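S.K.: Below is one structure. I have some questions about it.
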Amino acid sequence: MTTTPEAPEVPTALTAPQIADLRAALPYVDGWLAYRRWRERVPGVQAAVWFDDALQLSSAHGLADEEAGAPLTTEHLFRIASHSKTFTATAVLQLVERGALRLDDPVGQHVPRLAEAGSRLADATVRELLEHGAGVIRDGLDGDYWQHGRPFPDEAELIEMLLDRGDKAPAGAGFNYSNLGYSLLGLVVAAVSGRSYGDFVTESIVEPLGLRHTGPEWDESRADEYAAGHSGRHVSQTRVRLAHVDTRAMAAATGFYGTASDLVRYASAHFDGDERLLGEHSKRLAQREAWQSDASQPESAHYGLGFVIDRVGGHRVVGHSGGYPGHITRTLFDPALGLAVSVLTNAVDGPATALSSGVLRLLDLALEPAPPGLATRASSSGVDPARFTGRFAGEFGIVDVALLGENLVALHPSGADPVDGLDRLRVAGPDELLIARGNGFGAVGETMRYEFDADGRVSRLRGAGGMSMRPVTELEG
């Protein structure tokens, strides 16, 4: 049994040396993503990292389309699904800032059809819809549009779905995540702005930030730019390509497309001190913890106004995930630190949440001061610790020896959490590392012995238990 180290203390601002350490860690982070994609047999993974006011990593691994064998690029478009809710909430708060709308307006004031039909949803407020506290049914009584069993609803059908037992709980009674509720907010945005939902969010959010690869709905004219969606392997080991479709009246809940690099740029506009989209007060409202998703589980995520608030390592992160037929995605950011991570996958079982959390955990390790006696930026023996780094495999598994900031560590990329069960290492000589700290079931207090070729490259590592491991230079698949 392994244990996860306690969450390190997260800085509130990045110093120049910390920024340098984060940048130096990115090649390993990207290699870890590539390995995890290969191990999980996910068709493709696109990822981006933003800090120090700039895009620091933009990468793509695997395939955009398994059937065609097309490589995935950093410019392939993904359906980012419920990320759309963050755009919708931002648009609503922009209208509030302009005085065109109030958060406590009853929704029936802007969508009178609900009031005319006598639905109690007419009395739910805009704020309650934003925080999923309006008691709206999640996806209606027939949600097979999610499985391409029928088209997504148009506006008329959406209203009918809301009127047909759409109010499953009284407003304010609890947290009830609802795609139909956010679709209703799209109608509010259109009614208040006098523009279509798509036009308003494009003009007020997408274009001001220069998001060239982001939009509110399936764009037929860019069909060739989209990564194909793929079915999951929970039923069959063979993946099936899933078509992209227009989400029609549900675009405000799930229609958006984007790239990982565009999404971290968008996230940066929600950082503390950035007022390109919203003022500080509006951002505080959006990122405040209004509801906990499961009050019986202390570690469960919270929801604000359009944003999920969660904990990853020592971070209080804000963002959203997205699940669309064939694409699973997640973007998270630390608004105080000015750091954002986005990971997009093109399969129903894509591990976007685990991957994005893993990236942040690795970056935290690069920021973490080494324990006393284990600082490895330069070893006391004068040996460069980077000499020992690499990925090594043997009959019983795989291990990464990585230098992340001050920390020379042995990591186990086979697990979803890259820092779970790590060993802390110390240079013991020109060809030897000491396993200084780790789990007692491992080989703490023993050494990892290296053999190098004439060019100084590792040819063999005798790792835990003295078993030989060979360098892994590339992966098949």
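The values are calculated or read from the model by the stated rules, or taken from the named source; none is laboratory data. Only a predicted model underlies this, so the values are computations on that prediction, with no experimental measurement involved. All Cβ positions, even for glycine, are placed from backbone atoms using ideal geometry, and neighbour counts span all protein chains on display. Just so you know, the surface numbers come from the protein's heavy atoms only, side chains and all, with ligands and any DNA or RNA stripped out. Shrake-Rupley method; radii C 1.70, N 1.55, O 1.52, S 1.80 Å.
S.K.: Out of the stretch 242-260, which residues are open to solvent by 10 Å² or more (accessible area, probe 1.4 Å), over 19 Å from GLY62 (Cβ atoms) and assigned to a loop (DSSP other than H, G, I, E, B)?
M.R.: ALA243, VAL245, ASP246
S.K.: While we're here: Based on what the data block shows, is ALA7 at pLDDT 95 or above, open to solvent by 30 Å² or more (accessible area, probe 1.4 Å) and either touching a strand residue (DSSP E or B) at 6+ places or on another chain (Cβ under 7 Å) or of a type in the set (Gly, Ala, Ser) (or both)?
M.R.: Here the answer is no, as ALA7 does not meet what is asked.
S.K.: I need the full set of residues from the stretch 4-26 which are in a helix (DSSP H, G or I) and either under 15 Å from ARG361 (Cβ atoms) or acidic (Asp, Glu) (or both), in order please.
M.R.: ASP21, LEU22, ALA25, LEU26 - these are the residues of the stretch 4-26 that are in a helix (DSSP H, G or I) and either under 15 Å from ARG361 (Cβ atoms) or acidic (Asp, Glu) (or both).
S.K.: Moving on. All but one of (1) surrounded by fewer than 17 Cβ atoms within 10 Å (Cβ to Cβ); (2) at negative phi hold for GLY397; state the number of the condition that does not hold.
M.R.: All conditions are met except number (2).
S.K.: Here's something else I'd like to know. Kindly provide the set of residues from the stretch 299-313 that are open to solvent by 30 Å² or more (accessible area, probe 1.4 Å) and under 26 Å from LEU278 (Cβ atoms), ordered by number.
M.R.: Scanning the stretch 299-313 gives HIS302, VAL308, ASP310, ARG311.
S.K.: So which residues in the stretch 27-61 are part of a helix (DSSP H, G or I), open to solvent by 20 Å² or more (accessible area, probe 1.4 Å) and out of contact with any Ser or Thr (no Cβ under 6 Å at 6 or more places or on another chain)?
M.R.: Scanning the stretch 27-61 gives PRO27, TYR28, GLY31, ALA34, ARG37, TRP38, ARG39, GLU40.
S.K.: Residues in the stretch 284-297: is at least one within 30 Å of ALA13 (Cβ to Cβ), in a loop (DSSP other than H, G, I, E, B), open to solvent by less than 60 Å² (accessible area, probe 1.4 Å) and aliphatic (A, V, I, L, M)?
M.R.: yes
S.K.: Only one of ARG391, ARG361 is open to solvent by 30 Å² or more (accessible area, probe 1.4 Å) and closer than 24 Å to THR15 by Cβ; which?
M.R.: Residue meeting the stated conditions: ARG361.
S.K.: Could you tell me which residue of the stretch 432-455 is modelled with the highest pLDDT, considering only residues that are among the small types (Gly, Ala, Ser) and open to solvent by less than 40 Å² (accessible area, probe 1.4 Å)?
M.R.: ALA436
S.K.: Let me ask another. Out of GLY429, GLY421, report the one residue that is farther than 23 Å from GLY440 by Cβ, open to solvent by less than 20 Å² (accessible area, probe 1.4 Å) and in contact (Cβ under 8 Å) with a residue 40 or more places away in the chain.
M.R.: Only one candidate passes the filter, namely GLY429.
S.K.: Would you point out the residue of the stretch 338-349, among those that are open to solvent by 10 Å² or more (accessible area, probe 1.4 Å) and not charged (D, E, K, R), that is nearest to ILE80 (Cα to Cα)?
M.R.: Taking the candidates together, the pick is VAL348.
S.K.: Return the residues of the stretch 400-414 that are in contact with a Gly (Cβ under 7 Å, 6 or more places away or on another chain) and buried (at least 23 other Cβ atoms within 10 Å of the Cβ); say none if nothing qualifies.
M.R.: Of everything in the stretch 400-414, just one residue is in contact with a Gly (Cβ under 7 Å, 6 or more places away or on another chain) and buried (at least 23 other Cβ atoms within 10 Å of the Cβ), namely VAL401.
S.K.: Outside any strand (DSSP E or B), within 24 Å of PRO43 (Cα to Cα) and not hydrophobic (A, V, I, L, M, F, W, C), is that true of ARG239?
M.R.: Yes; evaluated as a whole, the condition is true for this residue.
S.K.: Here is a further query. Does SER342 satisfy the criteria of being in contact (Cβ under 8 Å) with a residue 12 or more places away in the chain and among the hydroxyl-bearing types (Ser, Thr, Tyr)?
M.R.: Considered against the rule, which asks whether it is in contact (Cβ under 8 Å) with a residue 12 or more places away in the chain and among the hydroxyl-bearing types (Ser, Thr, Tyr), SER342 comes out as yes.
S.K.: Mind checking whether some residue in the stretch 221-235 is closer than 17 Å to GLY306 by Cβ, aliphatic (A, V, I, L, M) and either assigned to a helix (DSSP H, G or I) or open to solvent by less than 20 Å² (accessible area, probe 1.4 Å) (or both)?
M.R.: no
S.K.: From the list GLY314, GLY326, GLY397, GLY350, exactly one residue is at pLDDT below 95 and either among the β-branched types (Val, Ile, Thr) or under 28 Å from ASP294 (Cα atoms) (or both). Which is it?
M.R.: Being at pLDDT below 95 and either among the β-branched types (Val, Ile, Thr) or under 28 Å from ASP294 (Cα atoms) (or both) holds for just one of GLY314, GLY326, GLY397, GLY350, which is GLY314.
S.K.: Failed condition for GLN297, given (1) modelled with pLDDT under 95; (2) within 18 Å of HIS148 (Cβ to Cβ), with all others met?
M.R.: All conditions pass for GLN297, except number (2).
S.K.: Okay, next question. Could you check how many residues of the stretch 116-135 are free of Cβ contacts under 8 Å to residues at least 24 places away in the same chain and in contact with a strand residue (DSSP E or B) (Cβ under 8 Å, 6 or more places away or on another chain)?
M.R.: 1
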